[in-house]
Each structure stands twice: as C-alpha cells, then as structure tokens.
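Here's the structure we're looking at; comments come further down.
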Amino acid sequence: MFAVKRALKLNNREATLMAKHAGFRRVVFNMGLSLRTQMYSEGKLTDSKVINEIKKVFTNYVKKHPEFAWMNQLSSRVYQNALIDLKDAFSRYRSGSSGHPKFASRRDGQSFTVDSSNGKVLLNAGNTIKIPTLGTFRLYEALDCSFISQTFTISKEGNRWFVSICVDAERLPVQQSESSVGIDVGIKSFATLSKGQFFDAPKPLIARAKTKLATLQRQASKQVKGSRNQRKTYNKISQIHAKIARIRRDFLHKLTTYLAKTFKLIKIENLNVKGMMANHKLAGAISDLGFYEFKRQLDYKCQMYGANLVLVDQWFPSTKTCSNCGTKKDMPLSIRTFDCPVCGRYLDRDWNASINILNWEPSA
C-alpha cells in the first residue's frame, strides 16, 4: 500500500469549496472532542460507544439546528472521517505514541478526508481526478496510470491544494545493483556512505527562504492585528513555509529512493532524534534536516523495493572507532577528520563512521 499525491488545479469557486470542507472537518473534530470530554467527565459511556453516540448527536441534533444548516450543503463523508480521526487520535494517546488530542486550529493546516461509501473506485490515467462526493477536478500533473482507491485526503500547502490517494497495491521489488552500504547521518554532510559518497542537504535554499520568512514575520508583527494587510503577509508566510517543506521533502524522497533502489542491504544508526533535539545548539539544524523523516521514508521504501534495512545500536561508537584497526579515541565535533594514533589511518570522520556502521554486527 502506498500513496499518490498530486496538486489540484482549482479555480476560485473550487478553492472556496475545499476551504469550506476543511472548515467543516475542523468544526466537527473540535465539537466531537468537546462532546467526548463531556461524556467521559459524566461517566456515562464506555470508550467503545462514545464515537457512535457523538455521531448520533451530530445527525439528530447538530445538523438539524438552524445555526449549522450550512453543514447539510457539504459532504457527509467529511464529518464521518473527522470522527474517525478523533477516534484514532485517542487510540494513539492510549497507546502512548502521542499526547492528548488538542482542538484543531486553522493555523495548524487545512485538510480533510473523503471516501467512497460504495467501495473502491477506478481512477483513470489523465489530467483530471474524480473525488467522491466532491466532483471532478483538474490536476497540474497527470496521473500516469489508472489506480483503484477508496480514500482521498485533500490538504492545503501554502496557496495550493493537494489530493492524496491511498492505493492498495505493491510495487514490484527492483534488482539492486550493489550489495550493501553503511550510512552515517550528520549535520555537515546529511548522509555519508561507506563507499565514499557525500550527500549535502539543500541548506542554502532553506537559509534564503528562512531569511525572507523572518522579514515577513517582523512585518506582520508591526501590522494591525486582523487587518487585511496582515492577512496578506500571513499568506506569504504560509507559502514560504510550504516552500521550505517542499525543498526538504524533495531532497529526502530523492535520496531515500536512490538508496532503496541501489543497495540490497542498508545499515543506519538508530538515532535518538528526540534526545538529540535536547541539545539547543543543534536542535535547529536537526529539525531543518529531518532525520526522523529520513529514517521513516527509508524504512517503507526498503520494504517497497525489496531492500533490507538494519538499524545499528545507537550506542555503538562509530565516530570514535578506527575503521581499520578498531582503536578508540575521543572525537569532539570540532574535529572533522579521524587520525588513528595506532595504524595511521587518516580520513573524514563521517566516512570513517559510515564504514564502521557497515561493519557492525549485533552482539550475540
């Protein structure tokens, strides 16, 4: 199973329709969260029955109230999926994988999900897409083949709307040309391969965008709160945020796809990203680079293309160990080359670490 994402080419009427549905989803999610909290505080229902009771409240009372008559003009699949999202959010909270669900805000992003209540639908190749309960819309980039899907997620990034479809299929494994590789992930070079390749993240592009972002944020802080000019400035800010995200996402997708298609066995450190973020001197750089997203993408792409991903123990001293003789020495971040005092090996510290990662074997 994988996702296909395309930018929608919308006119003003269609963009307004998407914005209304995103607002619909936000209102339903927040109302559902409020009702759920109230029901639990009164001790009336068990967890398994709460969402069904909330649906009944919406169907029988909320949507029939004159104040919320506008909901009946929009897709009912939006509010059904909003409550599913709420249920999933509490499931993640109970499992400990995320915090307690919070009320949705427009600033957090605009998105919603619809599906076909009649089962999966066929989407033909071409530059249009038919979204269940919403209509047919143009695409900036055509679908290159036909897909079968049931779920459609529409989201806004900057000033553009995108549709993601979940495709219930698997890519055929590829025949990788090389056997194995060790990868050291760092700040100076994002990824260093044991074969001597270095991949640098697009830092200059992001830095220029962040400089412009800071200028606009200062400008917005001086404008009249809620004014038309401030809204225009915030719109420009959201576009820059979207641009930064696209630059980072494009780099990570190209790199992880190359690795999964090229190597049969890939070894990387099982980095404790949360712990690394506690270092305030490095937190900004780590956040910009997207270490967690790199690992996530590499994980599912290795499964997709038939490669094997091995996570090396995060406490393995790959940087402090000589990749030739195994001698260990302290390596402060300021020292960029590994100079072995025993065998005389002299090479880039990240390259040395990636070779050690390749040679790592789990202890018995």
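Summary table
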item: Highest to lowest packing among 71-81, 124-134, scored as the average C-beta count within 10 Å; result: 71-81, 124-134
item: Pairwise centroid distance, computed over Cα atoms, of region 205-275 with region 125-148, Å; result: 27
item: Whether region 68-156 is rounded, prolate or oblate, judged on the alpha carbon gyration tensor where a/c under 1.5 counts as rounded; result: prolate
item: Accessible surface, the chain, averaged per residue in Å² (probe 1.4 Å); result: 57
item: Calculated FRET value between SER97 and ASP313, using beta carbons and R₀ = 25 Å, to 0.05; result: 0.65
item: Percent RCO, i.e. relative contact order, over the chain, from Cα pairs under 8 Å lying at least 6 residues apart; result: 16
item: The chain - share of DSSP beta bridges that are antiparallel (%, nearest 5); result: 80
item: Set of region 109-130 residues, backbone N closer than 15 Å to the point 7 Å along the Cα-Cβ line of LEU216; result: 109
item: Size-normalised alpha-carbon gyration radius of region 310-364, reference 2.2 N^0.38 Å; result: 1.08
item: Pairs of Cα atoms farther than 31 Å apart, the chain, %; result: 51
item: By average C-beta atoms within 10 angstrom, highest first, the peptides 235-247, 322-334; result: 235-247, 322-334
item: Gain on full stretching of the segment that runs from VAL121 to PHE198 - 0.36 nm per residue minus C-alpha separation; result: 23.4 nm
item: Gain upon complete extension [VAL224, GLN175; 0.36 nm per residue less C-alpha separation]; result: 11.7 nm
item: Charged-residue dipole, Cβ positions (Lys, Arg, Asp, Glu), the chain about Cα centre, Debye nearest 20; result: 1760
item: Protein accessible area in the chain, 1.4 Å probe - carbon and sulfur %; result: 51
item: Kirkwood hydrodynamic radius of region 2-119, from inverse mean 1/r over distinct Cα pairs, in Å; result: 15.6
item: Projected-area average for region 95-232 over all orientations - Cα convex hull basis, square nanometres; result: 15.1
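The values are calculated or read from the model by the stated rules, or taken from the named source; none is laboratory data. Computed from a predicted model, the values in this text were never measured in an experiment. All Cβ positions, glycine included, derive from the backbone under ideal geometry; neighbour counts span all protein chains shown. These area figures cover heavy atoms from the full protein model, side chains too; ligands, DNA and RNA do not enter into them. Shrake-Rupley method; radii C 1.70, N 1.55, O 1.52, S 1.80 Å.
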